[in-house]
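Read the structure below first, then the notes.
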Amino acid sequence: MRSAMLATFPLFLLLAAGNDVTGDTGDKNPNFVIIMVDDLGIGDIGCYGNDTIRTPNIDRLASEGVKLTQYIAAAPLCTPSRTAFMTGRYPLRSGMASTGRVQVLLFLGGSGGLPPNETTFAKRLQQQGYTTGLIGKWHLGVNCESRGDHCHHPNHHGFSYFYGLPFTLFNDCVPGEGSDVLNDLQLTLQHLTLLLGIGLFTLVCVRLCGILEVSLWLLLLLLILGIVAAAVWYVPFGLLRTWNCIIMRNQDVIEQPMTVETVPQRLLAEAQDFIKRNADRPFLLFFSLAHIHTPLFTTPAFAGKSRHGRYGDNLEEVDWIVGKITETVDSLGLANNTLLHFTSDHGGHLEDAHSLFGQKGGWNSIYKGGKAMAGWEGGIRVPGIFRWPGRLAAGRVVDEPTSLMDLYPTLKYLAKDTQPDRHLDGYNLMPLLEGKAARSEHEFMFHYCGINLNAVRWHPPNSNSIFKVHFFTPNFFPPGAGGCYDTGVCMCHGEHVTHHNPPLLYDLFHDPSESRQLTPETELRYTEVLEQTARAVERHKSTFQSRNVRGDMDVQSSTVQNQMSWEKILWRPWLQPCCGTFPFCGCKEETDLYEKTSI
Ligand SMILES: *[C@@H]1O[C@H](CO)[C@@H](O)[C@H](O)[C@H]1NC(C)=O
Ligand SMILES: *[C@@H]1O[C@H](CO)[C@@H](O)[C@H](O)[C@H]1NC(C)=O
Ligand SMILES: *[C@@H]1O[C@H](CO)[C@@H](O)[C@H](O)[C@H]1NC(C)=O
């Protein structure tokens, strides 16, 4: 016993000494500045082939760093894509994929959101001693059971500082721009209220004029129904701007409803300030822009300057903001120790066209489809730029398949975090970014539409081909229109999709716009592709039951709680973030400060 202890003693000393040495090398952990734009299409950016929109600052990042050309979002919509980005896992694993009509969180007063026991890259970095900040859009929930429990709030998901939109920018934030939330339900409720009102009025007249004997009970019932319908319709929908368009600093609501016009400059000033005050320590800044989601309000300095209407004006403002952030990093001498990443949460929204203002949604270049169009490339292939002078070669282009879920393991690796983790779906990107690996570890990639596995991408070893198999595709309306112009976003279930048996097959390497369907006659490997992908799907499915590293059962698709159910999504008064006394919520941030200090 004693001798065994003695024998291990020198080894123990050695290990301890080893730890000290690595701690003393002065090899400081890098900073991370992650810039994510909302709804930006891959074809909107100069360095991805656009020649009419001016994006010199984003282009400069690409020329000084590495550009990914096949950078794939795990979902074509905000909430699930951002979940996957933050957690390094398919959104299904955390219950953040939709089962039906509701595909994103719709109310801040709902109870769905990123589960408190999920782990974000921010949480991992925080545990590694990083100072972590989120400036901008969150859209992954706020409360679970009571106002202020903040179970889904960024502060409880690894961000020690939060300033921005716990929800998102959307049309309802600007009066007169229409509504983005369950329009048909709103209309039905409105008609119902109206009908009840008219019915009640008629019956009261009939009774008063003595034409017919109308029961008082019937009148009372109609009155109550009318009041309930009005309350259900008016309260959550009529006040959407107040409920959802708010600004929080950490856990305080500081503006409700927000003044959208000053949001860009406030977010920029906050982001610059965060970098400046943390220049001396390893930090993570996730700068999640409210742009370029509709309603596309225009900052005066950029109004009417681009060649693409309000959309182009917004985009050129985004570029300017990216330039300001880069300038801040560089002027503090942080460039060589900062990994700067630029991306979008998913592709551009093709249906978002407005006859008055022309284009309002992003442009997805040669790729088919867009936001909320299942696995079509245009909705999931996004810009991806990594700049890190001194570590990453300038001007490198990586065409291999990569995923937004790769950021999580990449940051973990760079922060020297070797602690056990849950099952991850992403891979460390550094070997590809540094040119040490030629092939991506994503031989297969799975594309989801809500909770449904919709398509599989296969990059066979020793081949350039990128096969993509679609098991079902969304039904466009009108047919052939290239989008779901009836509902504004396509859906993933029931009569909204067409199942394909055999599945549709394309080779993105030869046919990036998915326009030439492969057949056994045109593709030698046709049968092999279907077999290989079917097997990969089985293996993929088995990971939803596998044991994770801690030995407990990992999230199961069947048992993990669905965060996107009607019950969790719908508004409830006791969860509504509010400044003042509910329901009289309202406050305004003092913004003079920003005007003086920033731009
Ligand atoms: C550039 O972007 C604009 C705005 O999204 C788009 O309308 C235009 O078609 C794009 N041009 C190219 C060459 O991709
Ligand atoms: C950053 O790295 C580059 C390339 O290694 C080097 O030329 C440059 O001098 C470095 N800059 C600073 C401020 O250290
Ligand atoms: C989080 O908790 C839920 C409910 O208890 C459980 O089903 C799930 O597996 C947990 N997730 C993780 C990542 O531990």
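Out of the stretch 305-336, which residues are within 16 Å of ligand 2 (Cβ to nearest atom) and surrounded by 17 or more Cβ atoms within 10 Å (Cβ to Cβ)? Don't jump to the end; show me each part of the working.
Keep residues of the stretch 305-336 that are within 16 Å of ligand 2 (Cβ to nearest atom), which gives 326-336.
Correct list: 326, 328, 329, 334, 335.
Here's a check for you: in the stretch 388-399, which residue that is out of contact with any helix residue (DSSP H, G or I) (no Cβ under 6 Å at 6 or more places or on another chain) and not basic (Lys, Arg) is farthest from residue 129 (Cα to Cα)?
Of all residues in the stretch 388-399, those out of contact with any helix residue (DSSP H, G or I) (no Cβ under 6 Å at 6 or more places or on another chain) come to 388, 391, 393, 396-397, 399.
Filter once more, so that each one left must be not basic (Lys, Arg): 388, 393, 397, 399.
Numbers: 388: 21, 393: 28, 397: 32, 399: 34 Å.
The selected residue is 399.
Within the stretch 239-273, can you find the residues that are within 22 Å of the chain's Cα centre (by Cα), in a helix (DSSP H, G or I) and touching a residue at least 60 places away in the same chain (Cβ under 8 Å)?
Result: 240, 241, 243, 244, 260, 263, 265, 266, 267, 268, 270, 271.
Name the residues in the stretch 483-505 that are open to solvent by 10 Å² or more (accessible area, probe 1.4 Å) and assigned to a strand (DSSP E or B), would you?
Scanning the stretch 483-505 gives 497, 498, 499, 500, 501, 502, 503, 504.
Just checking, which of 106, 68 is farther than 20 Å from residue 323 by Cβ and open to solvent by 10 Å² or more (accessible area, probe 1.4 Å)? Full working, then the answer.
Working: 68 fails: open to solvent by 10 Å² or more (accessible area, probe 1.4 Å).
Residue meeting the stated conditions: 106.
When you look at residue 391, is it modelled with pLDDT under 95, open to solvent by 10 Å² or more (accessible area, probe 1.4 Å) and not in a strand (DSSP E or B), yes or no?
On the way: modelled with pLDDT under 95: no; open to solvent by 10 Å² or more (accessible area, probe 1.4 Å): yes; not in a strand (DSSP E or B): yes.
No.
It is to be established whether one or more residues within the stretch 399-415 are closer than 15 Å to residue 342 by Cβ and part of a strand (DSSP E or B).
yes
Which condition breaks for residue 375 when tested against (1) open to solvent by 10 Å² or more (accessible area, probe 1.4 Å); (2) more than 16 Å from ligand 3 (Cβ to nearest atom)?
(1)
State yes or no: is residue 416 of a type outside the set (Ser, Thr, Tyr) and either open to solvent by less than 10 Å² (accessible area, probe 1.4 Å) or within 16 Å of ligand 1 (Cβ to nearest atom) (or both)? I'd like the intermediate steps shown before the answer.
On the way: of a type outside the set (Ser, Thr, Tyr): yes; either open to solvent by less than 10 Å² (accessible area, probe 1.4 Å) or within 16 Å of ligand 1 (Cβ to nearest atom) (or both): no.
Judged against the criteria, residue 416 is not a match.
So residue 236 passes all but one of these: (1) of a type outside the set (A, V, I, L, M); (2) without any contact (Cβ under 8 Å) to a residue 24 or more places away in the chain; (3) over 29 Å from residue 122 (Cα atoms). Which condition number does it fail?
With respect to (1) of a type outside the set (A, V, I, L, M); (2) without any contact (Cβ under 8 Å) to a residue 24 or more places away in the chain; (3) over 29 Å from residue 122 (Cα atoms), residue 236 is out only on (2).
Of the numbered conditions (1) at pLDDT 85 or above; (2) not assigned by TED's automatic domain parsing to the domain that holds residue 296, residue 207 fails exactly one; give the number of that condition.
Condition (1) is where residue 207 drops out.
Six or more apart or on different chains, Cβ atoms under 7 Å: show the pairs whose first residue is in the stretch 334-346 and in a helix (DSSP H, G or I) and within 16 Å of ligand 1 (Cβ to nearest atom) and whose second is modelled with pLDDT under 95 and open to solvent by less than 10 Å² (accessible area, probe 1.4 Å).
none
Mind listing just one residue for me: the one in the stretch 304-333 that is β-branched (Val, Ile, Thr) and touching a residue at least 60 places away in the same chain (Cβ under 8 Å) and, of those, farthest from ligand 1 (Cβ to nearest atom)?
329
Considering each of 27, 59, 51 in turn, give the residue that is outside any helix (DSSP H, G or I), among the acidic types (Asp, Glu) and under 30 Å from residue 279 (Cα atoms). Spell out the reasoning first.
Values: 59 fails: outside any helix (DSSP H, G or I); 51 fails: under 30 Å from residue 279 (Cα atoms).
Just one listed residue meets the conditions, 27.
The values are calculated or read from the model by the stated rules, or taken from the named source; none is laboratory data. As the structure is a computational prediction, the values presented were derived from the model and not from experiment. We place every Cβ from the backbone using ideal geometry, glycine too, and count neighbours over all the protein chains shown. Surface accessibility is based on the protein's heavy atoms, side chains included, excluding ligands, DNA and RNA. Shrake-Rupley method; radii C 1.70, N 1.55, O 1.52, S 1.80 Å.
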